[in-house]
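Peer 1: Got a structure here, written out as structure tokens. Questions coming.
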Amino acid sequence: MGKHLVITGANRGIGLAFVKHYCTLGYQVTVICRQSSPELEELPCRIISDIDVSNASSVERLSSELDNTQIDILINNAGILTSESLEQMSFDDIMTQFEVNAVAPLRVTHALLGNLKKGSKVINITSRMGSMADNGSGGYYGYRASKAALNAFGKSLAMDLKAQGIMVAQLHPGLVSTRMIGFNGDVTPDQAVAGLTQRIEGLTLQNTGSFWHANGEELPW
């Protein structure tokens, strides 16, 4: 049996581009999403829908669905973006972003630890907006903080899983033209995934825990 990729939030955008790429490489691909899409259903992948990765019972169902299935690459891709400022603040939106962008990837990874093995890779799709050093414009309180938390979770996972031969990376895809940002990006999902998959291929136990741009630049925390 070929290698197995599991990815969250892949009914469109970057996630869908990942699915296309790994299906082309002959991977067995399992997609986790809240709702499927016609584009996704055209691809030779397994779709587990009606999963809310921020909900504990949903993730328990996911764990049951994937019981005894080995995972070579787990990509935590699902995420949301809202824009808070000091003038327009929403603490509810901030907490929702924490649940989806930070806690959910940790929840999914924890639930699927038994499916990972020596040589498996866990990929957290993060953002350079989670970098403290790179923040020169402020705003986006929930998104920035949730991605910073995701980076911290990913770094701890990398340290804790290293002895088992499992690698973890935090990857920033660039400013990608997706619906989440109104299609106002600099690169297409396919272009972003071309760089991201190179970073995944280059992930080793020596550089586990790193925070990279899709173009290969190591980003500051």
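Peer 1: Using the count of nearby Cβ atoms within 10 Å as a rough guide to exposure, how do Ile200, Ile7, Ile94 rank from fewest to most?
Peer 2: Ile94, Ile200, Ile7
Peer 1: Next question, about the same structure. Starting from the 7 Å offset along Cα-to-Cβ, what nm value, one decimal, do you get for the label separation of Leu43 and Thr24?
Peer 2: With each label point 7 Å from Cα toward Cβ, the separation is 1.1 nm.
Peer 1: Could you work out the longest stretch of the chain that avoids the trypsin sites (Lys or Arg not before Pro) located in DSSP loops with at most 12 other Cβ atoms within 10 Å?
Peer 2: 1-116
Peer 1: Filter the GluC sites (Glu not before Pro) in the range 71-133 to those in DSSP coil with at most 15 other Cβ atoms within 10 Å of their Cβ, and list the result.
Peer 2: Passing sites in the range 71-133 are Glu87.
Peer 1: Something else: How would Asp186, Asp52, Asp134 line up from fewest to most surrounding beta-carbon atoms within 10 angstrom?
Peer 2: Ordered from fewest to most neighbouring Cβ atoms within 10 Å, Asp186, Asp52, Asp134 come out as Asp186, Asp134, Asp52.
Peer 1: If you take every DSSP beta bridge whose two residues both sit in the chain, what share of them, in percent to the nearest 5, is antiparallel?
Peer 2: If we restrict to bridges inside the chain, about 5 percent are antiparallel.
Peer 1: Add +1 for every Lys or Arg and -1 for every Asp or Glu among the other residues with Cβ under 11 Å from the Cβ of Ile73, and state the total. Please report the intermediate quantities before stating the final value.
Peer 2: Details: positive: Lys3, Lys121; negative: Asp72, Glu201.
So the environment of Ile73 carries a net charge of 0.
Peer 1: Expressed in nm to one decimal, what extension gain is obtained for the pair Glu218 and Thr204 from 0.36 nm per residue of sequence separation less their Cα-Cα distance?
Peer 2: Taking Glu218 through Thr204 to full extension adds about 3.6 nm, to one decimal.
Peer 1: Could you put Cys45, Cys23, Cys33 in order, starting from the residue whose Cβ has the fewest other Cβ atoms within 10 Å? Working shown, then result.
Peer 2: On the way: Cys45 19, Cys23 15, Cys33 24.
Taking fewest neighbouring Cβ atoms as first place, the list is Cys23, Cys45, Cys33.
Peer 1: Could you tell me how many degrees, from 0 to 90 and to the nearest 10, lie between the Cα long axis of helix 189-201 and the main elongation axis, the longest principal axis, of the Cα atoms of the chain?
Peer 2: Here the helix axis deviates by roughly 60 degrees.
Peer 1: If each DSSP helix of 4+ residues adds -39,500 (n - 2.57) and the sum is divided by the residues in the chain, what number results at 222 nm, nearest 500 deg cm²/dmol? Please list the in-between numbers first.
Peer 2: Details: 7 runs with 75 residues, N = 221.
-10000 deg cm²/dmol, from helical runs alone.
We did not get these values from a lab; they are worked out from the coordinates using the rules stated. The structure presented is a predicted model; accordingly, all values stated were derived computationally and were not measured. Cβ: placed from backbone, ideal geometry, glycine included. Neighbour counts: every protein chain shown.
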